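The structure appears below as structure tokens.
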Amino acid sequence: MMLKKPKVLVLAGTKDARKLVEALVATSKYELIASLAGVTRNPADLMAPTRTGGFGGAERLAEFLRTQNIAAVINATHPYAAQMSQNAVEATTRLSLPLIRFEREPWKQETDDNWQFAETIEAALKLVPPNKKVFFAASSKVAAPLKKRPDLTFIIRTLNIPTQTNALLNANYIEGLPNSDWQTEAKLFQELQIDWLISKNSGGSASYGKIKAARELGLPVAMIKRPKHNGGVKCSSIDEVLNALPMCVGTEQTTSVSS
Ligand code: NAP
């Protein structure tokens, strides 16, 4: 007699996903595979066997799920990882597999926040008046739409500074992570003479410092709305995932099978 644990794929790539994997490992109830896109140099280790790189679209993801005998998928990618989320919905629907979408709550606008909303980066850029200095924490993937506003000066905070050939002419890059301390962010914005922010509504505390700093300094924020997801059981905390998963895999307890 041996105990067979349901095999669960965690689509990772965020700090929350790392914490979730840790919490799932601690339950000892699941066999986990984590997955990373492979965009971050030297990503922090996840506490589970990890594969890296795109699957090759929804069809290939479905093939992976089938051949790996995955019982459930947890999509714990960033709220703005729209393509991966769509692929996860398509692949799990095709195989009738349970899908959990783990996504933390978005930030809520407060009275003193000067937020203007946009559906896309392109629309957010249109909100910014001419010749302003704009702070944007983003990946170098965003370069194309920014090229359409040569009148603006961008300060881009990113983990992967682009090579000289890929860099925007009207951008200065700062390598690094967000600072959760709003006073540090406010000091940075003052030193850099920032006029506007463009921001995703990431939620959580790690990158909220810049939002509070903008509020305190009276800076406008072009807030890009989250892409809409239309599939999976929605969870906004690790506890919710831990509660939902046993139902999803159809086992309140580990399955017992004969060897
Ligand atoms: P995306 O546009 O939704 O994904 C682009 C492609 O990257 C996907 O189609 C998929 O390739 C591959 N991919 C994405 N996440 C993957 C994962 N966890 N495992 C395996 N393949 C993955 O996503 P993105 O916005 O480029 O983000 C890429 C990664 O960075 C995500 O894991 C996300 O959690 C993380 N991240 C994103 C942001 C953000 O603001 N977008 C912020 C912080 C962290 P195939 O189609 O070939 O399978």
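Every read-out reported here was derived from the displayed coordinates using simple, explicitly stated rules and does not represent laboratory data. As the structure is a prediction and not an experimental result, all values here were calculated from the model. No Cβ is skipped: glycine too gets one built from the backbone with ideal geometry, and neighbour counts run over all protein chains shown.
Some notes on this structure:
- The residue list Leu95, Leu99, Leu152 contains one member that is without any contact (Cβ under 8 Å) to a residue 60 or more places away in the chain, of a type in the set (A, V, I, L, M) and crowded, with 17+ Cβ neighbours inside 10 Å, which is Leu152.
- Selection count, the range 106-136, where residues are of a type in the set (D, E, K, R) and within 16 Å of the ligand (Cβ to nearest atom): 2
- Identity of the residue in the range 40-54, surrounded by fewer than 16 Cβ atoms within 10 Å (Cβ to Cβ) and of a type in the set (Val, Ile, Thr), that ends up farthest from Leu11 (Cα to Cα): Thr40
- Output for the range 200-214, where each listed residue is touching a helix residue (DSSP H, G or I) at 6+ places or on another chain (Cβ under 6 Å) and either surrounded by fewer than 19 Cβ atoms within 10 Å (Cβ to Cβ) or among the small types (Gly, Ala, Ser) (or both): Gly209, Ala213
- If you filter the range 182-209 down to residues that are outside any loop (DSSP other than H, G, I, E, B) and closer than 13 Å to Asn114 by Cα, you find that the one that is farthest from the ligand (Cβ to nearest atom) is Trp196.
- The set of residues in the range 210-219 that are assigned to a helix (DSSP H, G or I) and either over 19 Å from the mean Cα position of the chain (by Cα) or of a type in the set (A, V, I, L, M, F, W, C) (or both) comprises Ile211, Lys212, Ala213, Ala214, Arg215, Glu216, Leu217.
- The range 55-81 - residue that is near the ligand (Cβ under 7 Å from one of its atoms) and in a loop (DSSP other than H, G, I, E, B) and, of those, surrounded by the most Cβ atoms within 10 Å (Cβ to Cβ): Thr77
- The single condition from (1) farther than 30 Å from Asp195 by Cβ; (2) not in a strand (DSSP E or B) that Leu32 fails is (2).
- Taken together, the residues in the range 220-239 that are surrounded by 15 or more Cβ atoms within 10 Å (Cβ to Cβ) and either aliphatic (A, V, I, L, M) or over 15 Å from the mean Cα position of the chain (by Cα) (or both) amount to 9.
- Matching entry among Ser139, Ser85 (being within 13 Å of the ligand (Cβ to nearest atom), crowded, with 16+ Cβ neighbours inside 10 Å and either among the polar types (S, T, N, Q) or free of Cβ contacts under 8 Å to residues at least 40 places away in the same chain (or both)): Ser85
- Within the range 102-123, the set of residues being surrounded by fewer than 18 Cβ atoms within 10 Å (Cβ to Cβ) and among the acidic types (Asp, Glu) comprises Glu105, Glu110, Asp112, Asp113, Glu119, Glu122.
- From the list Glu175, Glu240, the one residue that fits, being under 23 Å from Ala143 (Cα atoms) and acidic (Asp, Glu), is Glu175.
- Residues (of a type in the set (D, E, K, R) and under 30 Å from Asp239 (Cβ atoms)) located in the range 98-146: Arg101, Glu103, Arg104, Glu105, Lys108, Glu110, Asp113
- Qualifying positions in the range 133-156 - within 16 Å of the chain's Cα centre (by Cα) and assigned to a strand (DSSP E or B): Phe136, Ala137
- Residue match in the range 13-36 (condition: near the ligand (Cβ under 7 Å from one of its atoms) and without any contact (Cβ under 8 Å) to a residue 24 or more places away in the chain): no
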